[in-house]
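Chemist: First the structure, which I've put down as structure tokens, then a few questions once you've had a look.
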């Protein structure tokens, strides 16, 4: 099956300097316009999945208005524990890089193993739900997409966070 991963569009939180946040915002006008410029054609996908955050749901509904998205909590962004709601400017670039690369795990943060377990559950779930000819759209978060690219596809290039970053992967049963 072909799975297309799409990063949610912009909200008013983007560019505010947070390391991570659990704040749940709808898209802003720029994000909605970005989605409208990137609407997929009908019959592009057999199913749509997204995290329970407002920004992923809204992105999914705009870019593919033909199907109601299935909301799955295992597609949420990484919980960074004590770093949630903290500002990047208050930490060294080296420390933030080591957190992003899973070399350091902040207190109460979700580990890479935790995230991989929930992503493995997601992949097993969609394999059970769909056949090899299915086309799936997944709207999620930048960090989740980076993990999938690095640990499932062995790619190290980043997701374009200035646009609706996207990539495809082939998943077989």
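Values quoted throughout were computed directly from the atomic coordinates according to the rules given, and no laboratory measurement underlies them. Computed from a predicted model, the values in this text were never measured in an experiment. Cβ sites come from the backbone with ideal geometry, for glycine too, and all protein chains shown count toward neighbours.
Chemist: Is it true that some residue in the stretch 118-133 is under 17 Å from residue 81 (Cβ atoms), surrounded by 13 or more Cβ atoms within 10 Å (Cβ to Cβ) and in contact (Cβ under 8 Å) with a residue 12 or more places away in the chain?
Modeler: yes
Chemist: Taking the stretch 52-73 on its own, how many of its residues are more than 22 Å from residue 29 (Cβ to Cβ) and within 12 Å of the chain's Cα centre (by Cα)?
Modeler: Qualifying residue count for the region: 3.
Chemist: While we're on this one: Which of the residues that make up the stretch 46-66 are in a loop (DSSP other than H, G, I, E, B), surrounded by fewer than 22 Cβ atoms within 10 Å (Cβ to Cβ) and in contact with a strand residue (DSSP E or B) (Cβ under 7 Å, 6 or more places away or on another chain)?
Modeler: Listed by number, the residues that qualify are 46, 52.
Chemist: Next question, about the same structure. Kindly provide the set of residues from the stretch 104-131 that are out of contact with any helix residue (DSSP H, G or I) (no Cβ under 6 Å at 6 or more places or on another chain) and in a loop (DSSP other than H, G, I, E, B), ordered by number.
Modeler: 105, 110, 111, 130, 131
Chemist: Right, residue 84: in contact (Cβ under 8 Å) with a residue 60 or more places away in the chain and more than 30 Å from residue 40 (Cβ to Cβ) or not?
Modeler: yes
Chemist: Hey, another quick one. Quick one: is residue 137 within 25 Å of residue 10 (Cα to Cα), in a loop (DSSP other than H, G, I, E, B) and in contact with a strand residue (DSSP E or B) (Cβ under 7 Å, 6 or more places away or on another chain)?
Modeler: For residue 137, the condition - within 25 Å of residue 10 (Cα to Cα), in a loop (DSSP other than H, G, I, E, B) and in contact with a strand residue (DSSP E or B) (Cβ under 7 Å, 6 or more places away or on another chain) - is not met.
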